[in-house]
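A.B. asks: My questions all concern the structure below.
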Amino acid sequence: MKKIINREIIDLSEQQQKMISSGWGKDTLDKSVVEKITYSSDGLKVTGYIAYPKDDSQKYPCIIWCRGGIGNAGVIDKFTARGIYGQLATWGYCVFASQYRGNDGGEGHDDFGGDDLNDILNLIPLAEEIPQANKDVWGIEGWSRGGMMTYLTLTKTNIFKAAVVLGGIANLRCNSDESKFMRRLYEHTMGRYGEDEFISRCETRSIVNFTEKLSKTTPMLIIHGNADNRVLPHDSLDLSYKLLDLKIPYRLVMLEGGDHFLKSHRKEVDEMRKNWFERYLN
């Protein structure tokens, strides 16, 4: 039984295509296909994207890409999907990405690292329906909240041969006012700040509390801007000490002056991401 319920190739205007070529390179348009999909996850219809190289003469490793944000704040639109996922596909990968349940018209409720983790794991069987996909080789990448989702996914499976996390949430700091901006976002899905249920959900989503459950066989590239005022740089620094103790393979890169979106380091970040996946997936 097919897991992809609906799929539609993204079609952009001429002006949007010019912007994609300018921002992500002409190959992103010429050498990749990006589709918006609806797929089945725990019986729910969840939306997302797939991308793959146009060249179907060989099999390509697979990468799951985890978006940031909470609810529809952070949903990836078609234009952005065509750039981000198309670029990854031109690097030689089949890409699978979820909007998470309850978002972008999908069924269910965004659980911010709870049951919606299954929306990531349930992307894996979709590779059966992509002829170019090498179903035996998987990587995973996550930005911001997507970094948290990546860490939590790595406690559920050791299928991934490489992981990349950028500005990832490793500690929700449930009892802290350190990042009031993020606290307001957390309350959107986890309840009122300070209540027992809120604290419990925070703790079970903070990988620093149970780092020992991470896959020991997945090398991680962790990148964080040291001027990030949304997800504090301490998240990646504190996690790195625990990874050292557990002898989990990783590389930590702190980028001087880098904000949450690492805008001033984009070319450098892309090169590091590309090299990491090439090293471990090819």
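The values are calculated or read from the model by the stated rules, or taken from the named source; none is laboratory data. It should be emphasised that the depicted structure is a prediction, and the values quoted were computed from it without experimental measurement. Counting neighbours? That spans all protein chains shown, and the Cβs are built from the backbone with ideal geometry, glycine included. Calculation scope for accessible area: heavy atoms of the full protein, side chains included, ligands and nucleic acids excluded. Shrake-Rupley method; radii C 1.70, N 1.55, O 1.52, S 1.80 Å.
A.B. asks: Cα-Cα pairs above 19 Å in region 59-130: how many percent?
C.D. replies: More than 19 Å apart: 36 percent of the Cα pairs in region 59-130.
A.B. asks: Given the peptides 205-217, 119-131, 77-89, arrange them by the average over their residues of other C-beta atoms within 10 Å, most packed first.
C.D. replies: 77-89, 119-131, 205-217
A.B. asks: Estimate the FRET efficiency between Arg7 and Asn226 by the formula 1/(1 + (r/R0)^6), using the beta-carbon distance for r and 41 Å for R0, to the nearest 0.05.
C.D. replies: Efficiency computed from Cβ-Cβ geometry: 0.50.
A.B. asks: To continue, here is another question. Using θ = phi - 60° and the Karplus curve 6.51 cos²θ - 1.76 cosθ + 1.60, what whole-Hz ³J(HN,Hα) does each residue of region 252-257 get, with Gly and Pro shown as x?
C.D. replies: 10, 10, 9, 9, 4, x
A.B. asks: How fast does the chain diffuse by Stokes-Einstein, in µm²/s, taking the Kirkwood radius from C-alpha pairs at 20 °C and 1.002 mPa s?
C.D. replies: My calculation gives 113 µm²/s for D.
A.B. asks: For a label point 7 Å from the Cα of Arg279 along Cα→C-beta, name the residues of region 126-166 whose backbone N is under 12 Å from it.
C.D. replies: Hits in region 126-166 for Arg279 at 12 Å: 162-164.
A.B. asks: So, one more: Under 8 Å for C-alpha pairs, at least 6 residues apart: give me the relative contact order for the chain, rounded to a whole percent.
C.D. replies: Relative contact order, the chain: 15 percent.
A.B. asks: Further question: Which lysines does Lys45 reach when only Cα atoms under 30 Å apart count, and residues fewer than 8 places away in its own chain are ignored?
C.D. replies: Qualifying lysines at Cα under 30 Å: Lys2, Lys3, Lys31, Lys36, Lys54, Lys59, Lys78, Lys135, Lys156, Lys161, Lys213.
A.B. asks: Residues of the chain: accessible area per residue at 1.4 Å, in Å²?
C.D. replies: 45
A.B. asks: Rounded to a whole number, what % of the accessible area of the chain do carbon and sulfur atoms account for, probe 1.4 Å?
C.D. replies: That fraction is 46 percent.
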